[in-house]
Amino acid sequence: MPGTFDRARGRALTREVSPSYAEAVSSYLGTRVPDYEAARRAQEVYFAALRAHGTEVITLPTLEDFPDCCFIEDAAVILDDVAIIPNLGHPSRDGEKESVAEHLSDDFEVIRMPGGATLDGGDVVFYDDRFLVGVSTRTNKQGADFLAEHAKGAGIDVQLFDVPKSTLHLTTVCSSPRSGTMVAAMGHLKESDLSFAEEVIWIPEEEGYAANTIGYGDRIIMAEGYKKARHLLMDAGFSITSIEMTEFREVDASLTCLSVFIG
Ligand code: GLY
């Protein structure tokens, strides 16, 4: 339906973890070196979980010079038959977008952002009739406004959020796993921010990482090891697949960062 975000999740574009993963951007810098082999294994489990939910997984070859290239969510925003290719907000990552744009140009009209505007796809959360767009250390107002202009053209409303500097992306603290529902981390978003949602499942702050989910109707993929969040989601009627995310969390990344749904 025009003006409603498509939750079909038929195909996911992904990219293999880079052999230079140890150099991925991370706010935990110095705690330990991210482990490439462990991340590759975790990524295979992630692919298997998407496939088990009926998603076709398309995997682009890795980019040796781009340690964060597996976080492909940041490199494209899909709007019906248009792919918006943003200028990524961290300078070490911007070159990731070229091969994503090239791949998507087979099936989508590719639209690029003007210079000066930046946006990471991780700052965009899709909720039924609207995009929630975070203005963050990665996404500037110009980038958010550029996306908003195109979304409005497609009949989708946009609601802007200020993402605190302590949080990487808007998707770090919320997601919308099924129609009408938001999952959100306490301490990062206010009730009034999400008043549009029919149902908000609030995750306690200490388990806030688990607010990033991938939903398939009443089935949900979440990060492993978050007991309270798991119970809250079960109580809300979800059946759950949990995935080990330690190696991705180490570099500030969450479940949704590893794919962009393209149909
Ligand atoms: N390491 C994920 C990012 O900084 O974009």
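Read-outs throughout are calculated quantities, based only on the coordinates presented, and are distinct from any laboratory measurement. Predicted model only: the values in this text are computed from it and were never measured. Heads up, the Cβs are rebuilt from the backbone with ideal geometry, glycines too, and the neighbour counts pull from every protein chain shown.
Would you confirm, using the coordinates I've provided, whether Gly153 is in contact (Cβ under 8 Å) with a residue 40 or more places away in the chain, out of contact with any strand residue (DSSP E or B) (no Cβ under 8 Å at 6 or more places or on another chain) and more than 19 Å from Phe261 (Cα to Cα)?
Numbers: in contact (Cβ under 8 Å) with a residue 40 or more places away in the chain: no; out of contact with any strand residue (DSSP E or B) (no Cβ under 8 Å at 6 or more places or on another chain): yes; more than 19 Å from Phe261 (Cα to Cα): yes.
Judged against the criteria, Gly153 is not a match.
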(request) Any chance you could count how many residues in the range 191-223 are buried (at least 22 other Cβ atoms within 10 Å of the Cβ) and in a loop (DSSP other than H, G, I, E, B)? (result) 2
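To keep it simple, each residue is scored yes or no on (1) touching a residue at least 24 places away in the same chain (Cβ under 8 Å); (2) in contact with a strand residue (DSSP E or B) (Cβ under 8 Å, 6 or more places away or on another chain); (3) farther than 23 Å from Ile214 by Cα.
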site	(1), (2), (3)
Glu16	yes, yes, no
Ile58	yes, yes, no
Asp65	yes, no, yes
Cys70	yes, yes, no
Asp80	yes, no, no
(request) Identify the residue in the range 97-113 that is crowded, with 17+ Cβ neighbours inside 10 Å and part of a loop (DSSP other than H, G, I, E, B) and, among all such residues, is farthest from the ligand (Cβ to nearest atom). (result) Phe108
(message) Report every pair of residues separated by at least 6 positions or lying on different chains whose Cβ atoms are under 6 Å apart, first residue within the range 229-251 and in contact (Cβ under 8 Å) with a residue 12 or more places away in the chain and of a type in the set (A, V, I, L, M, F, W, C), second within 16 Å of the ligand (Cβ to nearest atom) and part of a helix (DSSP H, G or I).
(response) Ile243/Tyr46
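Listed here are the residues, each with its yes/no results for (1) more than 16 Å from the ligand (Cβ to nearest atom); (2) buried (at least 17 other Cβ atoms within 10 Å of the Cβ); (3) in a loop (DSSP other than H, G, I, E, B); (4) among the small types (Gly, Ala, Ser).
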{"site": "Ala22", "(1), (2), (3), (4)": "no, no, no, yes"}
{"site": "Pro34", "(1), (2), (3), (4)": "no, yes, yes, no"}
{"site": "Ala39", "(1), (2), (3), (4)": "no, yes, no, yes"}
{"site": "Tyr46", "(1), (2), (3), (4)": "no, yes, no, no"}
{"site": "Ile58", "(1), (2), (3), (4)": "yes, no, no, no"}
{"site": "Asp65", "(1), (2), (3), (4)": "no, no, yes, no"}
{"site": "Asp68", "(1), (2), (3), (4)": "no, yes, yes, no"}
{"site": "Ala83", "(1), (2), (3), (4)": "yes, yes, no, yes"}
{"site": "Gly95", "(1), (2), (3), (4)": "no, no, no, yes"}
(request) For Lys228, work out the one condition from (1) crowded, with 16+ Cβ neighbours inside 10 Å; (2) touching a helix residue (DSSP H, G or I) at 6+ places or on another chain (Cβ under 6 Å) it doesn't fulfil. (result) (1)
(request) Look through Gly54, Gly89, Gly116 and report the one residue that is away from the ligand (no atom under 15 Å from the Cβ), part of a loop (DSSP other than H, G, I, E, B) and either touching a Lys or Arg at 6+ places or on another chain (Cβ under 8 Å) or of a type in the set (Ser, Thr, Tyr) (or both). (result) Gly54
(message) Conditions first: (1) outside any loop (DSSP other than H, G, I, E, B); (2) touching a Phe, Trp or Tyr at 6+ places or on another chain (Cβ under 6 Å). Arg9 passes all but one, so which condition is the exception?
(response) (1)
(request) Taking the residues in the range 234-250 that are under 13 Å from Gln43 (Cβ atoms) and either within 11 Å of the ligand (Cβ to nearest atom) or charged (D, E, K, R) (or both) as candidates, determine which candidate is nearest to the chain's Cα centre (by Cα). (result) Phe248
(request) Test Val260 against the stated conditions and say whether it is crowded, with 23+ Cβ neighbours inside 10 Å and in contact with a helix residue (DSSP H, G or I) (Cβ under 9 Å, 6 or more places away or on another chain). (result) yes
(message) Where the second residue is more than 16 Å from the ligand (Cβ to nearest atom) and of a type in the set (D, E, K, R) and the first is closer than 24 Å to Thr172 by Cα and lies in the range 111-126, which pairs have Cβ atoms under 9 Å and are six or more apart or on separate chains?
(response) Ala117/Lys141; Ala117/Asp145; Phe126/Asp6; Phe126/Arg7
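Within 16 Å of the ligand (Cβ to nearest atom) and either over 22 Å from Gly134 (Cα atoms) or in a loop (DSSP other than H, G, I, E, B) (or both) - does that describe any residue in the range 175-190?
Initially, the range 175-190 is screened for residues within 16 Å of the ligand (Cβ to nearest atom), giving none.
No; the residues of the range 175-190 include none that is within 16 Å of the ligand (Cβ to nearest atom) and either over 22 Å from Gly134 (Cα atoms) or in a loop (DSSP other than H, G, I, E, B) (or both).
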(request) Kindly provide the set of residues from the range 127-141 that are more than 18 Å from Ile85 (Cβ to Cβ) and aliphatic (A, V, I, L, M), ordered by number. (result) Leu132, Val135
